[in-house]
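A short worksheet on the structure shown next.
The values are calculated or read from the model by the stated rules, or taken from the named source; none is laboratory data. None of the values given here were measured: they were computed from a predicted structure. Because the Cβ atoms are built from the backbone with ideal geometry, glycine has one as well, and the counts that use them run over all protein chains shown. Side chains are part of the model used for accessible areas, which takes the heavy atoms of the whole protein and leaves out ligands, DNA and RNA. Shrake-Rupley method; radii C 1.70, N 1.55, O 1.52, S 1.80 Å.
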Amino acid sequence: MTERPLRKFRLTGLVLLLLLAFLLDVSTGTVSIPMKDILKILFAPSTADPTSRFIVNAIRLPKACTALLAGCGLSVGGLQMQTLFRNPLADPSILGITAGASLGVAAVMLAGGSMATLFAIKELGVTGSWLIVVAACLGAGGIMLLVLALSRRLRDNVMMLIVGIMIGSLTLALISIWQYFSSPEEVKEFLLWNFGSLGGVTGLQLSILATVVVIGLAAAWMSSKMLDALLLGVDYARSMGLSPGRARTIIICSTSVLAGSITAFCGPIGFIGIAVPHIARFVFNTASHRILIPACCLIGTTLLLLCDSFAQFPGSQTVLPINIITSIIGAPLVIVLLLRQTTAHPW
């Protein structure tokens, strides 16, 4: 089988695996619902049990859709960062965007005393939920503007990488200062948010998240030729008539929109941005971003759905934080793939 039909075969397999992971995630939860009932709810809702239908439609489907969006956004953001900086360890948090979103949330939860705890915010209902989201967006947006301003003065991507790491470290240091002077209850609530969660994003929030992620993914797709050129070096990109500064600005904006919005609505979700691009390159054996971007979407979504399924056991009231599961599953998987990799990375 030649390379092109083989890639189509693998792409079809990933789509089927994604559908199975989606059904598994919808069927898994604290209340056990058989798969046949899940299929009834999805395809013949009038014949399904009303209680099960409410659980699936109000809780599990929005959570699975959030996993779809977060998996796509974080994995494509990681791919862009690894290509831009030609660094296999880069991910959406490398520019400090995720830390900026956490800083915004910390400012709400930790800086205002007991009235700013997550419990008090939740008492506000929808308003409190939006307060956290807006704070995270402002924090991520502020860091993004700072990074963009600095990127105009720094011509070297390695220097930009170092500056991004320093900004992230400084932001995390400010958060640590707030944590140090906050009460144990406030710190606990902030740490729970910091673990990341796919639940609780419903209705208008899910619509806004979907819109923002689609915009970020569209910008990444339109930047695929820029990414291919940058992968071969700045000098090659210039010889192709590409402005490295303009390309870097577009890529940073796209990644910031993806990482900032997902962190705002779901909290920081680690490891997907680092792991998935490596898996996509291994599976499809290519450096073309026209192939890698949709591959990252499929693999990232499937991996996050599986992680969410493992985080909650049927019939159990315990739901583990999603960050714990992504690390437990993703780290060994990447290690195995890298050990089996026979070709060198493009960078």
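Of the candidates C65, C72, the single residue that is closer than 17 Å to G196 by Cα, modelled with pLDDT of 75 or more, open to solvent by 40 Å² or more (accessible area, probe 1.4 Å) and assigned to a helix (DSSP H, G or I) is C65. So which residues in the range 282-302 are open to solvent by 20 Å² or more (accessible area, probe 1.4 Å), more than 11 Å from L14 (Cα to Cα) and assigned to a helix (DSSP H, G or I)? Listed by number, the residues that qualify are F282, R290, I291.
Filter the range 234-253 down to the residues that are without any contact (Cβ under 8 Å) to a residue 12 or more places away in the chain and under 18 Å from M81 (Cβ atoms) and list them by number. Residues satisfying the conditions are A237, R246. Listed by first and then second residue, the pairs with beta-carbon distance under 6 Å, at least 6 apart or on different chains, first residue in the range 303-315 and on the phi < 0 side of the Ramachandran plot and of a type in the set (A, V, I, L, M), second modelled with pLDDT under 85 and surrounded by fewer than 20 Cβ atoms within 10 Å (Cβ to Cβ), are A311/V319; A311/L320.
The selection criterion, being in a loop (DSSP other than H, G, I, E, B) and not basic (K, R), does not hold for L174.
Residues that are in a loop (DSSP other than H, G, I, E, B) and open to solvent by less than 10 Å² (accessible area, probe 1.4 Å) within the range 262-279 comprise just one, G267. Please go through the range 182-195 and give me each residue that is touching a residue at least 24 places away in the same chain (Cβ under 8 Å) and either open to solvent by 80 Å² or more (accessible area, probe 1.4 Å) or in contact with a Phe, Trp or Tyr (Cβ under 7 Å, 6 or more places away or on another chain) (or both), ordered by number. Residues satisfying the conditions are E185, E189, L192, F195.
Filtered by the rule that a residue be open to solvent by 40 Å² or more (accessible area, probe 1.4 Å) and in contact with a helix residue (DSSP H, G or I) (Cβ under 6 Å, 6 or more places away or on another chain), the range 156-173 gives a lone residue, L172.
Screening S32 with (1) part of a helix (DSSP H, G or I); (2) among the small types (G, A, S); (3) out of contact with any helix residue (DSSP H, G or I) (no Cβ under 7 Å at 6 or more places or on another chain) gives one miss only, at (1).
Is at least one residue of the range 49-56 touching a residue at least 24 places away in the same chain (Cβ under 8 Å), in a helix (DSSP H, G or I) and surrounded by 12 or more Cβ atoms within 10 Å (Cβ to Cβ)? Yes, the conditions are met somewhere in the range 49-56.
Looking across V26, V105, one residue alone is in contact with a Lys or Arg (Cβ under 9 Å, 6 or more places away or on another chain) and either in contact (Cβ under 8 Å) with a residue 24 or more places away in the chain or of a type in the set (F, W, Y) (or both). It is V26. Just one of the numbered conditions (1) over 28 Å from A287 (Cα atoms); (2) open to solvent by 70 Å² or more (accessible area, probe 1.4 Å); (3) not acidic (D, E) is not true of L17: (1). Can we say S223 is of a type in the set (S, T, N, Q) and crowded, with 18+ Cβ neighbours inside 10 Å? So S223 passes the test. If you check A259, A237 for being of a type in the set (A, V, I, L, M), within 30 Å of G29 (Cα to Cα), open to solvent by less than 30 Å² (accessible area, probe 1.4 Å) and part of a helix (DSSP H, G or I), only one passes: A259. Can you say whether L231 is in contact with a Pro (Cβ under 8 Å, 6 or more places away or on another chain), closer than 25 Å to L145 by Cα and not basic (K, R), as far as the supplied structure shows? Taking the combined requirement at face value, the residue satisfies it. Could you list, in sequence order, the residues of the range 75-87 that are open to solvent by 10 Å² or more (accessible area, probe 1.4 Å) and touching a helix residue (DSSP H, G or I) at 6+ places or on another chain (Cβ under 6 Å)? The one that is open to solvent by 10 Å² or more (accessible area, probe 1.4 Å) and touching a helix residue (DSSP H, G or I) at 6+ places or on another chain (Cβ under 6 Å): F85.
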